Structures are given as structure tokens and as C-alpha cells.
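Report on the structure given below.
Each reported figure results from applying straightforward, stated rules to the coordinates on display, with no laboratory input. Treat the numbers as computed from the prediction; the structure is a model and nothing was measured. Every residue, glycine among them, receives a Cβ derived from its backbone with ideal geometry; neighbour counts consider all protein chains shown.
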Amino acid sequence: MQILVPAFQCYKRWMTKSIEITGPAHLFTPLEIREVHLRNRVGVSPMCEYSSEDGFANDWHFVHLGSRAVGGAAMVMTEASAVLAEGRISPQDLGIWKDDHIPMLARIFRFIEEHGAVPAMQLAHAGRKASTAVPWMGGGALSESEQGWRPIFAPSAIPFSPKSITPEPLDNAEIARIVQAFGEAAQRAREAGARIVEVHAAHGYLLHEFLSPLSNTRTDCYGGSFENRSRMLCQVVQAIRQTWPASLPLFVRISATDWAEGGWTIQDSVGLAKQLQPLGVDLIDCSSGGAVPNVTIPAGPGYQVPFAERVRKEAGIATAAVGMITTPQQADQIIRDGQADMVFLARELLRDPYWPLRAADELGQDGPWPKQYLRAKRA
Ligand SMILES: Cc1cc2nc3c(=O)[nH]c(=O)nc-3n(C[C@H](O)[C@H](O)[C@H](O)COP(=O)(O)O)c2cc1C
């Protein structure tokens, strides 16, 4: 089978080889994106650890991310990493807004790389969901006396919920400042050794807030039409691509639907993917929800996979499926059926960091066992 994804054909500048696969693909078929080799199709989905001080990575991140590289994943992505201090969800978020953050990340990424996985970093700005307590402290809005901060920013002055902080609408100069911060954060991620960056444009954080008509009621060139609402995300992608090497992949995570009347839809997601691909985006990571509270989500095994499949087929771009993917057979089938190019796992990889090794055993594949652990490999 050849050219599953007729990607990267628009801007000459970003043109690189399409994803090319010989023979039927399965969970342990390697994947090349640009000049990055992924040893299989399993990615560690970004997961906030809320364990940083002043944005710094520490030994927790070293062990958490490092053990998942040892466990056999092809790509190990950091949690949402704030591009500006004001863009943290909580005071304990990981950050990448200053050069001082680089050395510890570099140590972690070097270890991930040494164990055969590709280090990736998710770049984020929390928008109107900033300045909140960590989940195990209730997740509510934090006042300034509780380590919170003001102002927090969004496209429009609409709080997420009645108990949330009312954000300040961004003016054009502030939008440009944040766009630039994403670009600079990607440069720092590269300096630290990340070989994939993912822009977080999902789950009701700043870039998703611009996309969704439920949180964006602006009347300027960043609101109203689909083109206007997607403008800031496109500018972020362009800012990153100005310095992010053409040999390295750029991913975008979206909420493929808001699951809400009058909100962002899967058709919008297909349109957005078509817009982002020529700007140098290689893969759309298809999550959902988070724009507004109190929506009904039909969560169940693989419930977001159809979004990855539609974006992949209708926009002709590589996708990652995520959400309640837990068994090796389920993950393998998603790849075999061409519903997505990668599967990202979150909670199942918290339960078992060695899931990819176990999956390879169960599927009769040769897993990427570290030499130190070979004696545990089933014959
Ligand atoms: C502890 C935890 C932290 C998370 N943090 C992030 C994050 O930083 N960025 C993000 O895009 N998604 C985040 N998510 C969502 C996951 O990446 C994933 O999309 C979601 O958990 C569904 O996948 P799963 O069913 O395999 O857990 C988080 C999920 C969990 C459980």
C-alpha cells in the first residue's frame, strides 16, 4: 500500500515525503513523518502532572516521561507546557516561557531519545481556564492571594462557567504577543531536543476558545466567520514554522467537536485541517469537548476514533486517534482499518507504562524491549 495520506503537497517550502507504507500497516509498523522515524504507532498523550514550580520540569517528569520511553512508546509527549506564565492552567503547570526551563527538559529528552522514542512537547495557553487550582485541590478559580493571577485572557469576556474568572478580551497587540510566544516556545523546545511539537488547540483552552463560536463573539478579524475564528491558530502555526525545522513534524491537537448546539463541529475540523496542512502541519490529533460545561458526551471505547477517521479521509492529512483506547487489539485495529496513523494513549499508560511492550507480546510482534529487561520477555 502506498501513499495512504497524500499529505504535504501544497507549499513547496513544507514539501517533504508523504507517509509511505509498504504492506498493510499495523500497530507495530514504523512510521516516518518528515525526517522523524517512529518505531511504532503508539504515542504518549499529553498529560498535565501539575508538579512544577515556576514552570520547571523536575525528577518527577524525568521518571514519568522516561519510564514511558523505556515502556516502548514511539513518541513521548510532555504535558501542556505554558508558552507564557499567564497561560498556565494552574501555578504548578510545566512551562517553556523562559530559557532557564531548557536544561532539565534537555536531560529528559536526551533520555527519551536514548531509549528509542521521539521526544515531543505540547505547547499551550490556557486562556479563560487559567489561574485554577490543581484537580486534586478541586480545580476551582484561584484568587491572587492563593497563588492565582489576573488578568486572564480570552477572545471575549465570557467566563467558562458562572464560578469561573471573567477573562479580559485580547486586543490585537496582545494576540500578536501570544502568537510570538508560541514561536519562541517552539524554539526553546527545539533547543531542549524536542523533535515534535504539538500546538494545543483543544479542550477549551485559548486557541480552541478562538475557534468555537460559543466562546468567541468578537466582531473584528478574529471573530465571526470560520476564517476569522481560525486566524489566530493559523498565525501560531506560521510563527512556529518560521523557525521549527522543515525536517521535523508539527502536530495540532483539536477538539473535533464541542458536543454542543451552535458550537464547533466535525465539519469545521475537516475544514480547519485543510487550512492547516499547507501551513506545515503534519498530523491532527483528534480529541473533543472542553469548550463549555454541562454537555453530554457519549464516552465509550474509541468514541473519538471516528473523528480521526473523518479528518484523515476528508482532509487527506495524517491523524492520531485518542480517547478510551485501552486494548492492544483495539489499537491495532484502528491502524489496520486506516482510521488513524497513530494512537495516543493517556490513562492506560498511567496504569501500565509498559503497555506497548505488553501489546507487542499479545499481538505476536517483536516489541522494543530494552536490553536491561530482555529476561522478562516472553519467549
Ligand atoms: C492526568 C491527565 C492529564 C491530562 N493533561 C492533558 C494535557 O496536558 N494536554 C492535553 O491535550 N490533554 C490532556 N489530557 C487528555 C489526554 O491527553 C487524553 O486526550 C484523554 O485522557 C483521553 O485519553 P485516554 O482515554 O487514553 O485517557 C489529560 C488527561 C489526563 C488523564
Candidate cut points under chymotrypsin sites (Phe, Trp or Tyr not before Pro) in region 292-351, DSSP loop plus at most 15 other Cβ atoms within 10 Å of their own Cβ, are Tyr303
Trypsin sites (Lys or Arg not before Pro) in region 120-182 lying in a DSSP loop, each with at most 16 other Cβ atoms within 10 Å of its Cβ, come to Lys163
Taking Rh as the Kirkwood radius computed over alpha-carbon pairs of region 326-379 and applying Stokes-Einstein at 25 °C with viscosity 0.890 mPa s, one gets a diffusion coefficient in µm² s⁻¹ of 204
Hits in region 272-301: amide N under 11 Å from the 7 Å Cα→Cβ extension of Phe226, namely 272-275
Between Ile297 and residues 5 or more places away or on another chain, the pairs with built amide H atoms under 5 Å apart involve none
Long-range share for region 223-296, i.e. C-alpha pairs more than 20 Å apart as a percent of all pairs, stands at 33
Kirkwood Rh for region 170-297 from C-alpha pairs, in Å, is 14.8
Cα convex hull volume per residue for region 38-78, in Å³, equals 59
The number of Lys pairs in the chain whose alpha carbons lie under 19 Å apart, excluding pairs fewer than 8 residues apart on one chain, is 5
By the Cα gyration tensor axes a ≥ b ≥ c (a/c under 1.5 gives rounded; else a/b larger than b/c gives prolate, otherwise oblate), the shape of region 24-96 is prolate
Computed D for region 91-192, Stokes-Einstein, Kirkwood radius over alpha-carbon pairs, 37 °C, 0.692 mPa s, to the nearest µm² per second, is 211
Per the Cα gyration tensor, region 56-119 corresponds to an equivalent ellipsoid with semi-axes, largest first in Å, of 22, 11, 9
The FRET efficiency for Gln147 and Glu168, from their Cβ-Cβ distance with R0 = 25 Å and rounded to 0.05, is 0.80
Distribution output for region 214-264: share of Cα-Cα pairs per 5 Å bin in percent, first bin at 0, values 4, 17, 21, 22, 16, 11, 7, 3, 0
Here the chain gives, from Cα atoms, an Rg and Dmax in Å of 19.5, 64
In this structure, the FRET efficiency calculated for Ala246 and Asp99 from their beta-carbon separation, with R0 = 22 Å, to the nearest 0.05, is 0.40
Contour minus Cα-Cα span, Gln330 to Thr219, at 0.36 nm per residue, comes to 35.5 nm
Stretched fully, the stretch from Ser161 through Asp366 gains (0.36 nm per residue minus C-alpha distance, one decimal, in nm) 68.9 nm
Dividing the alpha-carbon radius of gyration of region 278-379 by 2.2 N^0.38 Å, where N counts its residues, gives 1.24
